[in-house]
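Taking it in order: structure first as structure tokens, then the write-up.
The values are calculated or read from the model by the stated rules, or taken from the named source; none is laboratory data. For clarity, every value in this text was computed on a predicted model and none was experimentally measured. Cβ atoms come from the backbone with ideal geometry, glycine included; neighbour counts cover every protein chain shown.
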Amino acid sequence: MTFTYKHTRIACNLGTVSLALCVNLPPILFTIFRTDYGLTYEQLGRLVLLNFAAQIITDIIAARFIDRIGYRRPLVFGFACCAVGFCILAAAPVLMFPVYSTLITGIIIAAVGGGLLEVMISPISNSLPADEEKKASNMALLHSFYCWGWMVIVLLSTLFLSVFGNTNWQVLTILWISLPLVNLFLFTRVPFAPAPHHEKLLGIKKLFSTPFFLAAIVLMICAGASELAVAQWASLFAEKSLGLSKLAGDLAGPMVFAITMGIGRTIYGIFGEKIRLVPTLIVSTALCVASYFLISLAPSPILSLVGCALVGFSVSLMWPGVLSLTAEKFPMGGTAMFAVLAMSGSLGCATGPWIAGFVADLSENEGIVRSIGNALLGDGYVGLK
């Protein structure tokens, strides 16, 4: 079979689904980890923090070497790390090591793979032949597969646990390993567009000397924190704060979030040539702030869930939008540019959910945080709210 750039784009889209798996499967299991192994909110938030910390370190290393050694070998290694990490995660309860330490090990190894995918898939897709005005639309469509993949992961995982029980979460984790293995095979075959010689690319120092790039870094941090602070806690928030079941919490929380984020990215992917990107990002930011207030202050659980959904829609264009604006501004930025932006986004993804878990734990103890929460939300409405 002859592989073409069409297959490369398909492989990139599927690779984005594998990235969604690395980021979003563990939070689906948070309730199980808390119930079966007695983990606190802060320990669960720390898993998210370590996940993205590993991705950040991987992004830093990749920024120095990927343009020199090429894409194929690091990508294959990345998908292999995803598979190995989930194997360790599934084996955590039966290995002769503390469960929490083993969970951390598995998540970090999978996160190394996820970090490599995050750094390389966007520039590979962006380098494929396309009209310049379609680059931003293609980027949004690429990242929409993260959302649709996330939705499928939540739906199938939730249905599996509902049918076979939470005790079979290890089987579920092993079954999902097939996805990165398929990707591993595809990226050993598909062609890559010719890349500029690394000596012609802009260096990191040159990029950091421009105010535009510094602003893009700040925007990526904010985009990651805005997205993941809700996304990573949506399932547990729906269950504990809103009193829903595990099944309803997974479906009403992260799945609705993924659907609305996917809709936003798909709309721009289809109609992006007719939509001005910067004004759209400004409106999205205002909607995101309003949606956070709706989640926290709404008197009705249904309205809080509507807020979660609106956050998903409002953040949909932030990450791919900033990547597209920066790639357009610096066409010779190379993989290093994408790596720094991915690292910045991962920094936001790491700190947002961890801070949310940290504050939630503080608010359950007597002290100033709980007093502020009770004053704003009323007795009994603190925690993740």
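Of the residues in the stretch 248-257, not one is under 29 Å from I204 (Cα atoms), touching a Ser or Thr at 6+ places or on another chain (Cβ under 7 Å) and buried (at least 24 other Cβ atoms within 10 Å of the Cβ).
Criterion first (buried (at least 18 other Cβ atoms within 10 Å of the Cβ), in contact with a helix residue (DSSP H, G or I) (Cβ under 6 Å, 6 or more places away or on another chain) and either without any contact (Cβ under 8 Å) to a residue 24 or more places away in the chain or in a helix (DSSP H, G or I) (or both)) does T16 satisfy it? It is true that T16 is buried (at least 18 other Cβ atoms within 10 Å of the Cβ), in contact with a helix residue (DSSP H, G or I) (Cβ under 6 Å, 6 or more places away or on another chain) and either without any contact (Cβ under 8 Å) to a residue 24 or more places away in the chain or in a helix (DSSP H, G or I) (or both). Per this entry, A342 is not counted among residues that are closer than 16 Å to A231 by Cβ, small (G, A, S) and within 18 Å of the chain's Cα centre (by Cα). The residues on offer are S296, S371, S363, and the sole one that is farther than 17 Å from S235 by Cα and surrounded by fewer than 22 Cβ atoms within 10 Å (Cβ to Cβ) is S371.
Of the candidates F212, F185, the single residue that is at pLDDT 90 or above, closer than 26 Å to V283 by Cβ and either part of a helix (DSSP H, G or I) or more than 22 Å from the chain's Cα centre (by Cα) (or both) is F212.
Only one entry in V23, V48 is out of contact with any helix residue (DSSP H, G or I) (no Cβ under 6 Å at 6 or more places or on another chain), buried (at least 16 other Cβ atoms within 10 Å of the Cβ), assigned to a helix (DSSP H, G or I) and on the phi < 0 side of the Ramachandran plot, namely V23. Identify, from the list V311, V340, V322, the residue that is at pLDDT 90 or above, surrounded by 23 or more Cβ atoms within 10 Å (Cβ to Cβ), more than 20 Å from G249 (Cα to Cα) and not acidic (D, E). After applying the criteria, what remains is V322. Give the residue that is farthest from R34 (Cα to Cα), with candidates limited to residues of the stretch 76-128 that are assigned to a loop (DSSP other than H, G, I, E, B) and not aromatic (F, W, Y). Among those residues, the one meeting the criterion is L128. Can S363 be described as under 20 Å from G243 (Cβ atoms) and touching a Lys or Arg at 6+ places or on another chain (Cβ under 9 Å)? Taking the combined requirement at face value, the residue satisfies it.
Scanning the stretch 57-80 for residues that are within 17 Å of the chain's Cα centre (by Cα) and either farther than 24 Å from L181 by Cα or at pLDDT 90 or above (or both) yields G78, F79.
One residue alone among T210, T167 is hydroxyl-bearing (S, T, Y), surrounded by fewer than 16 Cβ atoms within 10 Å (Cβ to Cβ) and under 24 Å from I56 (Cβ atoms), and that residue is T210. In this structure, is K205 surrounded by fewer than 23 Cβ atoms within 10 Å (Cβ to Cβ), modelled with pLDDT under 90 and farther than 30 Å from G312 by Cα? Here the answer is yes, as K205 does meet what is asked. Using the structure shown, decide if G243 is small (G, A, S) and in a helix (DSSP H, G or I). So G243 fails the test. If L128 passes every condition in (1) over 30 Å from R276 (Cβ atoms); (2) touching a Phe, Trp or Tyr at 6+ places or on another chain (Cβ under 7 Å) but one, which one does it miss? That leaves (1) as the condition not met. For T4, the conditions (1) farther than 16 Å from L228 by Cα; (2) crowded, with 18+ Cβ neighbours inside 10 Å; (3) among the β-branched types (V, I, T) are fulfilled apart from (2).
Which residues, taken from the stretch 46-81, are charged (D, E, K, R) and free of Cβ contacts under 8 Å to residues at least 40 places away in the same chain? Residue satisfying the conditions is R73 alone.
No other residue among S144, S127 is surrounded by fewer than 21 Cβ atoms within 10 Å (Cβ to Cβ), among the small types (G, A, S), closer than 15 Å to N13 by Cα and touching a residue at least 40 places away in the same chain (Cβ under 8 Å) apart from S127.
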